[in-house]
Amino acid sequence: MKVEDLRLRDQVLRSDGSWGTVTGIYYYNTEPTKVYNLEVEDNHTYIVGGDVLGIGYVVHNYIVDQKDKFLSGAEVEKAYKDHKKMGEKAEIKWGDKTYKKVNGEGEGVAVFVRDYDEKGTKEYIRITKDGLIEQKIKWKGQLGEFMANTLSGEKTKYFNTRGEEVFLQPDKLVRDGGSKKLPFDPVDTKLANNIVDKVKNDYEQSLRTEYANDKKSKLTPAQIDVKVKAEMAVYNRIADRTFRNSYTDEKGNAIKHGSDEFLAKIAEPEFNGQNSTKKPDGMEIPVKVVIEYMRSKYPDGKGYAPNLAPWNERIATHKEKLNDLNVELKTGLQKEGMSDKERKSFQKDMEKKIASESNKMYAVETERRHRMEEFEKSSNLIFGKNSKGEYNVSSSEIAKQTKAAICRADTNYLQNRVNGRMEASFGEYFMNKVEMGDIRPGTGQTKGLVWDNGYLKGYDDQYPPKGQDGIPDGFDASNEYTGEPLSHDYIQEVTANMKPGQAIQVWADTDVNKGNNSKPGPNHYYEISMNSKGEFVYLNHTGEVVTYYDNEGTKKYLKHNFPIPQEAWKSLRIFRVYK
């Protein structure tokens, strides 16, 4: 890691063996003074600086092979298979460092160790299932026996094969999945406000230029002002809402969570719209704000890292269980009075439990690898630049393509908020969804962030249960599905325990009556909520009107935020319910 890449809360090793924490990053303009440029080649560790006690900071310079960031799946599997064949004296190399195999430390794969320094500090490494290098530094007390307990301990980090540390994201907590807490990357409020203002000002200037150059319309400056003011009133309302998680009515009064007004407001088409338009509107605007915010906060992508906290926490839990099981095995085998048969039976049973727990941990590590790969795809789209230093894809293009197919991600957000699973603004949610590898470019919208991996989902279960309806995966394939939608009776059955102020998510066919463009299968996600009267309310965030016929055969129209009559359910053509 370069010094310029240090971030707040990073841990820095001090020369006395303790760890310092980065509490602030400052840039100073000082009087000219003589300095020395220290250039260290290859792999060396040295001390820089020093406080009043003479304690400096340890700097380690290293070179690693410039290869793929993560070991391939084949390399990982080879490591897990080969460890069983390795002898007790086996060695491996990482960079120019040599590590010897350790017996009894492994969790299904070989663990290797080397002397980290001359004070008894040990460095252990192993390959994780997601192709990372797990590094664990263990040190003993280094200021004599009386300080042994104070300065002994261990620290675990993860690196890719380039030697770049994979960081956890920090610090703000929002609710996910009921009682489960997740660390969300907090929004810099000042920066967010500045970005919102910049996006609004840039768009206003582009409008004025567009109208001024429109020779056909021949608008006067006064007419241009009127048109720009009218268009900017809507644009500004949408942009201002990007990082807000509460709403007010027309009189400025706060809208109560769970109220009928709240249900309508959070899903209103003005903010959540997805229609194809020449000028930006709906989801296109908040997505652009988020992309501009991220590019400003992380210039050229520097310091931008995936949020792997949920998976690291699960892996840590499995490790604790594995450690307990290994201790239990070791202690049990030393127990006196056991016959050979009892000892073998006990060992076999414990090894089975250890193998089972190891497999659970490996499954999470494999999932974590997938999240990192998904994160890389989105990061490359957002921060990728050409040889001229220009972004490969503008924030406007990313926003436009994202708007076209964001229905799943947006509906997950709406359902999260309505059902009280999350309190984040859309901007916070979307930004952290990218950082968790939970959304990436699509197969059709390759320059949009639309493929929702469903970790920050708004529901617990789907109906029919997964795998029971035969609908194929993928947008195009599911859109061609010719099976029947769910019956009204089935939907009533699975939503029988719904309460006012709650929402379900549905996967429905919204293009059945669009002539030659009609497809028979599901193609769109949106939410349906229950109002204070216990009625289900149609809240398709695109604002699309549904045509249906009442019992007398009269054509009717179901509009946004209207209760759903029984006769209209058939026309909604719902194929799945998520609640």
Handout entry: Residue count, region 547-579 (criterion: aliphatic (A, V, I, L, M) and farther than 24 Å from Q462 by Cα)
Key = 1
Completion exercise
In region 403-445, anything among the β-branched types (V, I, T) and surrounded by 24 or more Cβ atoms within 10 Å (Cβ to Cβ) is listed as I406, T411, V418, V434, I439
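Listed here are the residues, each with its yes/no results for (1) of a type in the set (F, W, Y); (2) in contact (Cβ under 8 Å) with a residue 24 or more places away in the chain; (3) touching a helix residue (DSSP H, G or I) at 6+ places or on another chain (Cβ under 7 Å).
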site	(1), (2), (3)
D240	no, yes, yes
G252	no, no, no
G258	no, yes, no
N275	no, yes, no
D281	no, yes, no
P306	no, yes, yes
A316	no, no, no
Exercise for the section: Take V393 and decide whether it is among the β-branched types (V, I, T), touching a residue at least 40 places away in the same chain (Cβ under 8 Å) and assigned to a loop (DSSP other than H, G, I, E, B). Expected result: yes
Handout entry: Residues of region 261-296 that turn out to be β-branched (V, I, T) and surrounded by fewer than 19 Cβ atoms within 10 Å (Cβ to Cβ), as a count
Key = 1
Practice task
Would you confirm whether any residue within region 171-178 is assigned to a loop (DSSP other than H, G, I, E, B), within 22 Å of N419 (Cβ to Cβ), modelled with pLDDT under 95 and out of contact with any helix residue (DSSP H, G or I) (no Cβ under 8 Å at 6 or more places or on another chain)?
Solution key: yes
Exercise for the section: Kindly check whether there is at least one residue in region 405-412 that is in contact with an Asp or Glu (Cβ under 6 Å, 6 or more places away or on another chain), under 23 Å from R368 (Cα atoms), in contact (Cβ under 8 Å) with a residue 24 or more places away in the chain and assigned to a helix (DSSP H, G or I). Expected result: yes
Practice task
Within region 467-497, work out how many residues are modelled with pLDDT of 90 or more and farther than 13 Å from P522 by Cβ.
Solution key: 12
Practice task
Return the residue satisfying two criteria in turn: it lies in region 227-255 and is in a loop (DSSP other than H, G, I, E, B) and of a type in the set (G, A, S), and of such residues it is nearest to Y211 (Cα to Cα).
Solution key: G252
Practice task
Pull up region 489-498, narrow it to residues that are surrounded by fewer than 16 Cβ atoms within 10 Å (Cβ to Cβ) and not in a loop (DSSP other than H, G, I, E, B), then point me to the one that is farthest from the chain's Cα centre (by Cα).
Solution key: D489
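The values are calculated or read from the model by the stated rules, or taken from the named source; none is laboratory data. Quick caveat, the model's predicted, so the values are computed rather than measured. Don't worry about glycine lacking a Cβ; one is built from the backbone with ideal geometry, like all the others, and counts go over all protein chains shown.
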